[in-house]
Amino acid sequence: MPEKQDLKSMNLEELRSFFQTLNAPSYRAGQVFAWLHRGVSSFDEMTDLSLSLRESLKKTTYISSVKIVRKLTSALDGTVKYLFSLEDGECIETVLMKYSYGYSLCISTQAGCRMGCGFCASTLNGLRRLLKPSEMLDQILMASVDSHCRISHVVLMGIGEPLDNFENVLKFLHLLSCKGGLNMSLRHVSLSTCGLVSEIYRLMDYRLQLTLSVSLHAPNDVIRSTIMPVNRKWGIDALLTACRDYIKATGRRISFEYAMIDGVNDSPACARELGTRLHGMLCHVNLIPVNPVKERKYRKSRLDKMERFRSIVAKFGLPVTVRRTLGADINASCGQLRQAAQ
């Protein structure tokens, strides 16, 4: 028997082609697409489809879903952290955060990660597999239904390296912004990368209006190669050249993420070097207190050191802020809940 097809990963054009194979009118594709993006879990909920068509869909396709394995809610700020299980038993994490502008959801793009960053829990057991577009959508749909809220912003900064799952992430972004579905503007989407230079250039060719967030975390190759193995393939000079080219091509400001690690990258000298490298770029620098991970040796910088660092970088004419910590009492950083469940 042929393997059932993942209906939610199909775009409208693919759905129309698929419905032709079922000898069904093409307008049915739009109806099914709308149902899927409302979060229905069964074909029986698609009440405007004929019984025969629903039975045909049951035989040939499936509706993906995620299940809540664990849910933690912060008593400090209401941040919600989900541990979701996928249909094959793999687990991923998703974090829902409330801001003044609405709800933002940080989603995973892979089960595990192979990037090997030295301060991150997500990569401890390597990469298990890539997520499908439907599984990225499912995180949004489930979190929205469970928390009874409308998610206005999506951040691809959970478990996994989004640009290491390029094709599936690109298709997810198309589905997310489709008018027949969630219809989210890509200006409300941030995509984070540890610095896959070749894939940054690929992404640049699509001229998407999302925000590219680059995990820099160091001002030079000596420090960055120690904590981020990707830097041994693409050094900072190559990465920043790609960032400048990306800004020129898209007109979009880049956000540089900088995890503040005590005694590693938080000195005044590091701040001056970072300011010198980024001076004149259309960018924003986001200083992040690194989250302690019990399997890692790194600890976050003191608040006074972070403020001194911020002040020095700002003198180079760069917008720089210290990220507000959310969900500190529920280990809301990526990978910690999944690691504990394995």
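Determine whether residue 213 is among the small types (Gly, Ala, Ser), within 20 Å of the chain's Cα centre (by Cα), crowded, with 17+ Cβ neighbours inside 10 Å and within 29 Å of residue 133 (Cβ to Cβ).
Answer is yes for this residue.
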Q) Which one is nearest to the chain's Cα centre (by Cα), of the residues in region 1-40 that are under 18 Å from residue 58 (Cβ atoms) and of a type in the set (S, T, N, Q)? A) 9
Q: Identify, from the list 285, 313, 290, the residue that is over 19 Å from residue 119 (Cβ atoms) and crowded, with 21+ Cβ neighbours inside 10 Å.
A: 313
Q) Any chance region 124-135 includes a residue that's among the charged types (D, E, K, R), under 28 Å from residue 261 (Cα atoms), assigned by TED's automatic domain parsing to the domain that holds residue 290 and assigned to a loop (DSSP other than H, G, I, E, B)? A) no
Q.
Just to be sure before I move on: is residue 135 over 22 Å from residue 68 (Cβ atoms), of a type in the set (Asp, Glu) and surrounded by 17 or more Cβ atoms within 10 Å (Cβ to Cβ) in the structure I sent?
A. no
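If the requirement is being more than 11 Å from the chain's Cα centre (by Cα) and either more than 30 Å from residue 260 (Cα to Cα) or free of Cβ contacts under 8 Å to residues at least 60 places away in the same chain (or both), which of these qualifies: 163, 170? Steps first, please.
Details: 163 fails: more than 11 Å from the chain's Cα centre (by Cα).
170 is the lone residue from the list that is more than 11 Å from the chain's Cα centre (by Cα) and either more than 30 Å from residue 260 (Cα to Cα) or free of Cβ contacts under 8 Å to residues at least 60 places away in the same chain (or both).
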Q.
Let me spell it out: the conditions are (1) surrounded by fewer than 20 Cβ atoms within 10 Å (Cβ to Cβ); (2) under 20 Å from residue 168 (Cα atoms); (3) at pLDDT 95 or above, and residue 39 meets all of them except one. Which number is the exception?
A. (3)
Q: Filter region 239-270 down to residues that are over 25 Å from residue 298 (Cβ atoms) and among the aliphatic types (A, V, I, L, M) and give me whichever is surrounded by the fewest Cβ atoms within 10 Å (Cβ to Cβ).
A: 249
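The values are calculated or read from the model by the stated rules, or taken from the named source; none is laboratory data. Since the model is a prediction, treat every value here as computed from it, not as a measurement. So basically every Cβ, Gly included, is an ideal-geometry build from the backbone, and we count neighbours across all protein chains shown.
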